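The values are calculated or read from the model by the stated rules, or taken from the named source; none is laboratory data. Please read all numbers here as calculations on a predicted model, not as lab measurements. Note that we place each Cβ from the backbone using ideal geometry, even for glycine, and neighbour counts take in every protein chain shown.
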Amino acid sequence: MSGPWHSPRAASRLLASSALVAAATLLTAAPTFAQQGAKVGPGGKLDITITGFSRFLWAVGDVKEKLGGQESSSDFRNDTEVHIVARGRDESTGLSYGATVAFEADTNRTDNTDETWVILAGTFGEVRFGDEDGAADNMKVGGFSVAVGTGGIDGTVVDTFLVVGPSNSDDATKIVYYTPTLAGFQLGVSYTPSGSSNGDNLAVTNAGGLKDWFEAGLTWTGEFGDVGITAAVVGGRAKADFTARDDDLKTIFGGIQVDVFGISLAGGLGTEEVLGIDRDWYNLGAKATFGPISVSATYGQATTDPGPDPKNLVLGAEFGVVPGVSLSGEVAFFDENRGREDDGVAGIVRLGVDF
């Protein structure tokens with residue numbers, strides 16, 4: 001049987017055409033595979049959320065005076081964290097549960113995480129177990145609460161911790177409990193066996209510091225038309241682990257924040273005795289928001305016996321560039337009063353990405 005479709009030349013043309021069609025099909029399909037990408041999902045029974053931030057900062061001015069003469073007058077730095085949030089809920093009991101792990105992701109950090117804790121929550125309230133801030137630190141309200149940028153008097157580089165809040169157990173391993181909110185009120189309490197113990201170490205290998213650290217906080221929130229109010233009283237008590245003297249910690253701090261028509265005003269007042277040092281302090285803050293721009297001013301002053309008696313005024317501004325990206329700047333006028341040249345003006349500029 002003969003014909004154009006059965007000649008050797010025609011067969012050759014047919015094979016060549018088939019090859020071109022196959023190649024075109026593969027090339028057309030390739031972008032589809034690339035667009036699908038890889039998928040990352042939870043390997044266990046809980047829902048996994050990945051959040052965090054990456055921030056680039058530039059510190060300028062009298063930085064070495066602000067930090068005790070240990071840094072240059074201009075430098076760059078990073079601030080990066082990645083948070084893994086695992087959560088689940090049992091419908092039959094109404095119990096919510098999970099864990100949070102906050103990884104330190106800057107290249108010079110030797111501690112792999114900042115906070116790691118387990119959570120159980122239900123109609124009884126919420127309990128956290130692990131390396132997490134105590135009730136006093138998490139529930140405090142003051143002038144720092146309205147600061148923009150890195151946090152004003154409670155921020156990065158230009159901060160002064162003595163004018164902010166009470167001494168606290170930071171991320172030492174603890175148990176924290178928060179009650180449900182009732183009529184605007186919420187109570188929080190926490191217990192830390194050792195202020196120098198966190199992660200997988202034990203207090204017996206970290207002697208010293210404060211022990212049997214109890215912290216508590218009471219907050220109230222309410223709204224009256226366009227006016228919102230948040231008030232809090234927080235405090236703590238702990239025993240010294242290395243002295244027989246009456247050098248235990250006793251601290252209390254109260255503050256309030258009022259929000260109305262895009263304006264926020266806040267302030268706080270506190271007193272404490274810790275390891276033979278008495279400290280009294282106060283702070284004030286104000287913030288205004290105009291569309292994507294927010295500006296704030298925060299001030300704090302402390303009197304300690306024996307010294308120092310620091311004071312710090314921080315002016316800040318923040319601009320939302322696009323969703324998740326912000327540009328901010330802060331300028332601090334400070335006097336640390338440590339008995340040497342430690343006053344001046346320092347500033348910090350930050351480009352931040354939150355995800």
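Test Val349 against the stated conditions and say whether it is assigned to a strand (DSSP E or B) and exposed (fewer than 14 other Cβ atoms within 10 Å of the Cβ). Show your work before the answer.
On the way: assigned to a strand (DSSP E or B): yes; exposed (fewer than 14 other Cβ atoms within 10 Å of the Cβ): no.
So Val349 does not fit the description; no.
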Exercise. Looking at (1) buried (at least 16 other Cβ atoms within 10 Å of the Cβ); (2) at pLDDT 90 or above; (3) not aromatic (Phe, Trp, Tyr), which is the one condition that is false for Lys66?
Worked result: (2)
Exercise. Across region 314-334, what is the number of residues that are surrounded by fewer than 20 Cβ atoms within 10 Å (Cβ to Cβ), in contact (Cβ under 8 Å) with a residue 60 or more places away in the chain and either of a type in the set (Gly, Ala, Ser) or more than 14 Å from Arg350 (Cβ to Cβ) (or both)?
Worked result: 2
Seminar exercise, completed: Restricting attention to region 81-106, the residues that are within 24 Å of Asn201 (Cα to Cα) and not in a strand (DSSP E or B) number exactly 2
Exercise. Which one is nearest to Val163 (Cα to Cα), of the residues in region 276-307 that are without any contact (Cβ under 8 Å) to a residue 60 or more places away in the chain, aliphatic (A, V, I, L, M) and in contact with an Asp or Glu (Cβ under 8 Å, 6 or more places away or on another chain)?
Worked result: Ile277
Exercise. Looking at region 127-146, which of its residues are within 25 Å of Leu202 (Cβ to Cβ) and either more than 13 Å from the chain's Cα centre (by Cα) or among the aromatic types (Phe, Trp, Tyr) (or both)?
Worked result: Val127, Arg128, Phe129, Gly130, Asp131, Gly134, Ala135, Ala136
Seminar exercise, completed: Among residues of region 302-348 being among the polar types (S, T, N, Q) and out of contact with any helix residue (DSSP H, G or I) (no Cβ under 6 Å at 6 or more places or on another chain), the residue nearest to Leu67 (Cα to Cα) is Asn337
Seminar exercise, completed: Across region 283-296, the tally of residues that are surrounded by fewer than 19 Cβ atoms within 10 Å (Cβ to Cβ) and either of a type in the set (Ser, Thr, Tyr) or part of a strand (DSSP E or B) (or both) stands at 6
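Of the residues Ile175, Ile119, Ile153, only one is in contact with a strand residue (DSSP E or B) (Cβ under 6 Å, 6 or more places away or on another chain), of a type in the set (Val, Ile, Thr) and assigned to a helix (DSSP H, G or I); which?
Result of the check over Ile175, Ile119, Ile153: Ile153.
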Exercise. So which of Asp137, Asp75 ends up being free of Cβ contacts under 8 Å to residues at least 60 places away in the same chain, at negative phi and among the acidic types (Asp, Glu)?
Worked result: Asp75
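This table checks each residue for (1) more than 18 Å from the chain's Cα centre (by Cα); (2) acidic (Asp, Glu).
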| position | (1), (2) |
| --- | --- |
| Lys64 | yes, no |
| Ser74 | yes, no |
| Arg77 | no, no |
| Arg87 | yes, no |
| Leu95 | yes, no |
| Glu104 | no, yes |
| Val148 | no, no |
Exercise. Which residues, taken from region 217-239, are among the small types (Gly, Ala, Ser) and surrounded by fewer than 20 Cβ atoms within 10 Å (Cβ to Cβ)?
Worked result: Gly222, Gly225, Gly228, Ala231
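Evaluate the following for Asp305: is it over 30 Å from Arg340 (Cα atoms), modelled with pLDDT under 95 and surrounded by fewer than 22 Cβ atoms within 10 Å (Cβ to Cβ)? Show your work before the answer.
Numbers: over 30 Å from Arg340 (Cα atoms): no; modelled with pLDDT under 95: yes; surrounded by fewer than 22 Cβ atoms within 10 Å (Cβ to Cβ): yes.
In short, no.
Among the residues of region 235-285, what is the count of those that are over 25 Å from Pro193 (Cβ atoms) and aliphatic (A, V, I, L, M)?
So the first thing to find is which residues in region 235-285 are over 25 Å from Pro193 (Cβ atoms), and the list is 254-269, 271, 278, 280-285.
When the remaining residues are screened for being aliphatic (A, V, I, L, M), the result is 256, 258, 260, 263, 265-266, 269, 284.
Final tally of qualifying residues: 8.
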Exercise. Out of (1) touching a residue at least 60 places away in the same chain (Cβ under 8 Å); (2) under 30 Å from Val349 (Cα atoms), the odd one out for Ala232 is which?
Worked result: (2)
Problem set entry | Failed condition for Lys211, given (1) part of a strand (DSSP E or B); (2) touching a helix residue (DSSP H, G or I) at 6+ places or on another chain (Cβ under 8 Å); (3) modelled with pLDDT of 95 or more | (3)
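When you scan region 120-129, do you find a residue that is touching a Pro at 6+ places or on another chain (Cβ under 6 Å) and of a type outside the set (Asp, Glu), even just one? I'd like the intermediate steps shown before the answer.
Looking only at region 120-129, we keep the residues that are touching a Pro at 6+ places or on another chain (Cβ under 6 Å), and these are 125.
Now drop any that are not of a type outside the set (Asp, Glu), which leaves 125.
Yes, that holds for at least one residue.
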For this session: Inspect region 76-90 for any residue being over 21 Å from Phe129 (Cβ atoms) and among the aromatic types (Phe, Trp, Tyr) and give the result as yes or no.
Result: yes
